[in-house]
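FYI, it's all coordinate maths here, none of it is from the lab. Being a predicted model, the structure only gives us computed values, none of them experimental. Every residue, glycine among them, receives a Cβ derived from its backbone with ideal geometry; neighbour counts consider all protein chains shown.
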Amino acid sequence: MLFDLWVLNQAFGASADSTATIKLPTQQEAVRYLKSILTDTGAVRVLCGPPLSGKSTIVSAFCEDMPNDLAVAVVDGSGSTGHGLLSRILSQFGYRVDLPSSDELFRMLSVFAVQQARTVQSPIIVVENIEKMQIGALRALSMLATLKFQGNHAIRLVLTGGARAAALLRSRSLATISERVSSTYDIEPLSHKESMLLLHGRLGAGGVVQPDEVLPMDVCDALHEVSGGLPGLLMQNARAVIGQAASLPVSMVDIRRHQELMSEKPKMPRLIVTSNGKTIEEYEFREKKITLGRSNICDIVIYGEYASKFHAMLILYADALILIDLNSSNGTFVNSVRVKSTILRNDDIISVADYRIKVLDAPESGVDVTGEAATADTSKMKTLDEARQEKKDKLVRYLASRKRRTGSAD
């Protein structure tokens, strides 16, 4: 191998030191924003940014600079239930608990928080990916936000998430948290200079004495453009282009080859979610199935009384993106036509309640979907219907056979 794999992993892989280059101005500004909670104990700090924007790196730097006597817990909220969230927080504070009730966990955490507020200072709980938490975890978080000691809040909260996080915190169900949010920090992409400093800093942390002999300045600029200034994506692309390079230093030819390889990969479908003409978020498929609905455990949460808890589902196949209405009360519409199921095309507009969802980069299905577009008259839908009918026929045959056996036994 041209470039030592161990060094590559130390610089850009799972073994990399996430705080090796935290001196970047963009990230340092975000750290200062979070640290202001030390003198503003009544506020909740909210850090928002897209995937790979460096939220976890910023949180790590924030936590490492905390006073030794301050209790700090950091938990990932992804998929958390109320019981799971409270258990992980207590574990972070050094408790080994095996309590079956969320109420018992909450009481234990309340006692700990009040004791800390009385003797030292109120603890800090950092919850990442709050928009991916289940409804029970959000309720538990809201209850924690209400805890007080001598008129002051007993727990300080730092919350991180993507574009949906800010909208989620504005919902009425999280009023106890939102009333404490004095400001939200949106992470900005790195500048060209910061991208170069990050790349060279990572190589230096991996043991490379002359980083520019691996990634020259013009290559760093090109990687910045390819990655949009997102630190995580910048490092992923750097690792790939170094591993694929024919020789060192990496050249612009290697960058172009990397871009060609990337363009050969099929684009994943994207969804642009808007409400009242304002873009709420941009969602890129990373799973085969995603759900839309009012429930906070849906992948795309639709806030509004006309949305069902689990309103619709999108299923991605190699040659088709399929929308299925999940028996919603008020229906799902594609291009103003109510549908039960349909194959989606580029630029289709899905309407759910007051939300509009534009489909981009949908795979070409090769099926002529016209008129109603709609329903189960496409080849994909026919296949699904045939599978359901076959399953139903098998069940009928099984019940008939069982009835005959039971009758003969009697």
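Counting each DSSP H run of 4 or more residues in the chain as -39500 (n - 2.57), what helix-only mean residue ellipticity at 222 nm follows after dividing by all residues, to the nearest 500 deg cm²/dmol?
Values: 13 runs with 163 residues, N = 410.
Calculated from helices alone, the mean residue ellipticity at 222 nm is -12500 deg cm²/dmol.
If you take all C-alpha pairs in segment 177-249, what percent of them are over 18 Å apart? Provide the component values of the computation, followed by the final result.
Details: 1101 of 2628 pairs.
Pairs farther apart than 18 Å: 42 percent.
Counting other beta carbons within 10 Å of each Cβ, put ARG32, ARG202, ARG356, ARG257 in order, fewest first.
Numbers: ARG32 11, ARG202 25, ARG356 18, ARG257 15.
The most exposed by this proxy come first: ARG32, ARG257, ARG356, ARG202.
Work out, step by step, the length gained on full extension between LYS278 and SER101: first 0.36 nm times the residue separation, then minus their alpha carbon distance; give nm to one decimal.
Details: separation 177, 0.36 × 177 = 63.72 nm, distance 4.14 nm.
Between LYS278 and SER101, full extension yields an extra 59.6 nm.
What FRET efficiency comes out for the pair THR41/ASP319, r = Cβ-Cβ distance, R0 = 45 Å, nearest 0.05? Provide the component values of the computation, followed by the final result.
Working: r = 55 Å, r/R0 = 1.22.
Once the sixth-power term is evaluated, E becomes 0.25.
Can you compute the charge dipole magnitude of segment 224-342 about its Cα centre, using +1 on each Lys and Arg Cβ and -1 on each Asp and Glu Cβ, nothing else charged? Give it in debye, rounded to the nearest 20.
Numbers: 14 positive and 12 negative charges, 43 e Å.
Its charge dipole is roughly 200 debye.
Label points 7 Å out from Cα along the Cβ direction at MET108 and ARG286: separation in nm?
3.1
Within segment 82-98, name every residue whose backbone N is under 18 Å away from a label modeled 7 Å from Cα of MET66 along the Cβ vector.
Zone members listed by number: 85-96.
Would you work out the Kirkwood radius for the chain? I mean one over the mean of 1/r across all pairs of different Cα atoms, in Å. Before the final figure, lay out each step's value.
Details: mean 1/r = 0.0406 Å⁻¹.
Mean inverse Cα-Cα distance, inverted, gives 24.6 Å.
Using only the alpha carbons of segment 1-152, what is the convex hull's orientation-averaged projected area in square nanometres? Kindly include the intermediate steps, with their values, before the conclusion.
Values: hull surface 44.8 nm².
For the Cα atoms of segment 1-152, the hull's average projected area reads 11.2 nm².
Using the crude model of +1 on Lys and Arg Cβ and -1 on Asp and Glu Cβ, and no other charge, please compute the dipole size for segment 72-180 relative to its Cα centre, in debye to 20. Provide the component values of the computation, followed by the final result.
Numbers: 12 positive and 7 negative charges, 54 e Å.
In total the dipole reaches around 260 debye.
With both bridge residues required to lie in segment 25-186, what share of the DSSP beta bridges run antiparallel, to the nearest 5%? Don't skip to the answer; put the middle values down first.
Values: 2 of 20 bridges.
Of all bridge pairs located within segment 25-186, approximately 10 percent are antiparallel.
Quick one: work out the % antiparallel among DSSP beta bridges in the chain, nearest 5.
Numbers: 35 of 55 bridges.
Bridges in the chain that DSSP calls antiparallel: roughly 65 percent.
With only Lys, Arg, Asp and Glu charged, each at its Cβ (+1 for the first two, -1 for the last two), find how big the charge dipole of the chain is about the Cα centre; round to the nearest 20 debye. Can you show the working numbers first?
Details: 47 positive and 46 negative charges, 379 e Å.
It comes to approximately 1820 debye.
Residue farthest toward the positive end of the dipole of the chain, with Cβ of Lys/Arg at +1 and Asp/Glu at -1: which of LEU321, HIS83, SER195?
Among LEU321, HIS83, SER195, the one farthest towards the positive end of the dipole of the chain is HIS83.
Test of understanding: ordering TYR355, TYR306 by Cβ neighbours within 10 Å, fewest first, what list do you get?
Working: TYR355 21, TYR306 15.
With the fewest neighbours first, TYR355, TYR306 line up as TYR306, TYR355.
What ranking of MET235, MET262 emerges when the number of other C-beta atoms within 10 Å of each C-beta is taken as an exposure proxy, fewest first?
Working: MET235 21, MET262 12.
Listing MET235, MET262 from fewest to most nearby Cβ atoms yields MET262, MET235.
Label-point separation (nm) for ASP221 and GLU29, each offset 7 Å from Cα along Cα-to-Cβ?
Simple spin-label model gives 2.2 nm for this pair.
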